[in-house]
1. Of all residues in region 246-288, which are part of a helix (DSSP H, G or I), more than 19 Å from residue 60 (Cα to Cα) and touching a residue at least 12 places away in the same chain (Cβ under 8 Å)?
2. Tell me which residues, restricted to region 309-328, are out of contact with any Leu (no Cβ under 7 Å at 6 or more places or on another chain) and either closer than 16 Å to residue 533 by Cβ or buried (at least 20 other Cβ atoms within 10 Å of the Cβ) (or both).
3. Mind listing whichever residues of region 365-394 are surrounded by 13 or more Cβ atoms within 10 Å (Cβ to Cβ) and in contact with a helix residue (DSSP H, G or I) (Cβ under 8 Å, 6 or more places away or on another chain)?
4. Return the pair list, or none, for Cβ contacts closer than 7 Å from residues in region 86-111 that are within 20 Å of residue 349 (Cβ to Cβ) to residues that are among the aliphatic types (A, V, I, L, M) and assigned to a loop (DSSP other than H, G, I, E, B), at least 6 apart or on different chains.
5. Does region 442-462 contain at least one residue that is within 16 Å of ligand 2 (Cβ to nearest atom), aliphatic (A, V, I, L, M) and not assigned by TED's automatic domain parsing to the domain that holds residue 243?
6. Look at residue 488 and say whether it is modelled with pLDDT of 95 or more and within 11 Å of ligand 1 (Cβ to nearest atom).
7. For the condition closer than 17 Å to residue 535 by Cα, aromatic (Phe, Trp, Tyr) and within 27 Å of the chain's Cα centre (by Cα), what is the one hit in 232, 211, 259, 207?
8. Could you say whether any residue in region 237-245 is surrounded by fewer than 18 Cβ atoms within 10 Å (Cβ to Cβ) and assigned to a helix (DSSP H, G or I)?
Amino acid sequence: MRIRLSTLFALISPLAVLVLAAYAQWLMAGRPPLPAYPAVTPQMMAEPHGFPTWICVTHYVNFLFLILLIRSGLQILMDHPRLYWNVHCTPGTEWVRFTPVEVPRDRLYTAKDDARYLTPWIGLPGGRHTLGLSRHWHFVSALFWVLNGTVFIALLFATDQWRRLVPTSWSIFPDAWAVWVNYITFHLPPEPDGFYFYNPLQQLAYFGVVFVLAPLSIITGPAMSPALVNRFSWYRHLPGNRQVGRSLHFLALCGYVLFTIAHVTMVAVTGFARNMNHITIGTDDGRMIGVYLFIVGMLVILGVNVGANWVSWLYPRAVQMIGGTFVNPILHLLLSRHAPCAEYLPEDISPFFWPNGKMPTSEEWKTLAANGFRDYRLKVYGLVANPVELSLEQIAAMSKKTQITLHHCIQGWSGIAEWGGLPMTELMKLVRPKPNARAVIFYSFGEGEAGGQYYDSQTMANMLYPQTLLAYEMNYQPLGDVHGAPLRLRVENQLGFKMVKWISAIEFAEDYRHVQAGMGGAQEDHVFFDSLADI
Ligand SMILES: Nc1nc2c(c(=O)[nH]1)N[C@H]1C(S)=C(S)[C@@H](COP(=O)(O)O)O[C@H]1N2
Ligand SMILES: [Mo]
């Protein structure tokens with residue numbers, strides 16, 4: 001791992017300032033007096049403070065999904081183990097990288113070559129190139145985590161439990177500071193009984209996790225979605241956009257980890273058994289039952305995680321199918337229906353654009369390439385009234401559209417380029433798809449990651465967007481061999497893997513199930529990617 005010193009400094013210095021200031025105050029002025037906690041009265045005990053069952057349950061469910069989110073999230077991160085503040089992802093501009101590899105500039109080195117995997121002890125599933133499976137775990141967990149959080153917040157405000165978390169006076173800051181100075185100089189102050197209320201620092205920390213950190217994760221997740229980002233033109237004015245979102249999403253993860261360590265430590269040192277009874281069975285006493293339940297709860301989470309890895313190894317197709325069943329309806333509802341329209345300016349074009357995929361090795365493509373693709377014919381067939389075979393010249397003679405757009409790779413990197421080519425709508429005017437044609441399948445001269453022909457399919461809806469192109473031009477030059485010559489697809493509301501390069505043929509069909517494993521694309525078939533590539 002290598003982190004840019006300036007960023008490390010920027011991340012650590014706020015904390016360092018807080019620690020130093022606390023010590024300065026302690027050494028020069030002594031420890032500040034602690035806020036007075038109201039005494040617990042019998043009347044208070046009678047009120048429904050404490051920890052109702054719904055808090056105990058949502059707290060546990062939250063932790064369960066948080067662990068799954070962190071483990072799958074780290075594995076997703078490792079598929080492009082670099083984080084940037086700029087949208088171009090030029091090697092060398094990352095603020096942190098989790099790989100020893102410097103990107104070589106003297107030979108073809110693809111984003112896929114750069115992917116790493118984590119040990120299955122940390123990554124879910126880890127162990128090999130498992131981005132597709134990590135994403136299923138991440139999205140399904142995110143769904144349930146948000147659902148659980150929503151129930152929690154709703155009940156928080158439906159009852160008076162919100163008073164526990166939401167500070168209602170500015171004095172929370174000086175009071176929390178006083179507690180902090182005591183803690184950090186290792187003077188454990190007397191604690192209020194957390195069954196009734198928290199100390200100010202504790203309240204502030206919990207408030208921050210629930211109302212700042214969690215929303216930050218929730219809004220920075222979709223910041224990585226091509227369907228959303230390329231729908232809104234204003235998005236390009238945000239500094240760094242996709243990569244800032246990705247970096248903050250990761251920093252939020254670090255926030256959960258740090259919070260959890262501090263939280264569990266404090267729970268342990270301020271009366272473990274009593275605290276455990278609070279949060280497991282909702283009683284305020286010193287019996288051991290809470291501790292036992294804690295152990296059982298942790299074993300269950302361990303079991304779920306071992307099971308998740310195991311299922312992912314043995315039944316990856318089932319994980320893919322079940323993941324899709326949960327997540328696809330939500331993607332359809334929230335993301336799939338937006339027409340991409342965002343365009344960038346010539347000065348936004350990325351100086352470097354990560355290449356991806358395996359270059360074609362077939363003699364057929366090599367011969368065509370050697371001859372400048374003069375003998376190339378794009379075959380368009382299937383459920384069309386007018387099947388055609390088109391030369392590049394003929395394609396270029398039809399109408400041409402150019403656009404400057406942001407590319408989103410499923411691995412995490414992004415890049416802006418100019419693309420020029422034939423709008424799919426124009427091609428469809430020529431070939432006239434039949435009414436029962438619902439899938440459009442693009443076949444490549446290249447191979448997939450796991451061997452076999454690379455292909456992917458698209459919905460008719462995606463084909464009708466004005467930005468959907470058969471591109472033969474990139475950055476005002478004829479499309480280069482690495483980037484997909486002679487033709488590659490641009491579908492700007494989708495992730496990169498749906499944009500087939502080195503296209504040999506296009507088939508219109510009722511569906512995609514007759515091709516290879518029938519999941520809709522080489523990546524969907526063999527590395528279990530989601531067929532809805534909206535995020
Ligand atoms: N034939 C083929 N097309 C492909 C791929 C591939 O492996 N083979 N990779 C896809 C992926 S994952 C991405 S991100 C883009 C990358 O396009 P680029 O190399 O121009 O950056 O191509 C897509 N098209
Ligand atoms: Mo990709």
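1. Once the filter is applied, which keeps residues that are part of a helix (DSSP H, G or I), more than 19 Å from residue 60 (Cα to Cα) and touching a residue at least 12 places away in the same chain (Cβ under 8 Å), region 246-288 yields 246, 247, 248, 249, 250, 251, 252, 269.
2. Correct list: 320, 323, 324.
3. 373, 376, 378, 380, 384, 387, 388
4. That search, which allows pairs on different chains as well, returns 91/103.
5. Yes - at least one qualifying residue is present in region 442-462.
6. Judged against the criteria, residue 488 is a match.
7. Sole residue among the options that is closer than 17 Å to residue 535 by Cα, aromatic (Phe, Trp, Tyr) and within 27 Å of the chain's Cα centre (by Cα): 232.
8. Yes, that holds for at least one residue.
The values are calculated or read from the model by the stated rules, or taken from the named source; none is laboratory data. Being a predicted model, the structure only gives us computed values, none of them experimental. Quick reminder, even Gly has a Cβ in these numbers, built from the backbone with ideal geometry, and neighbours come from all protein chains shown.
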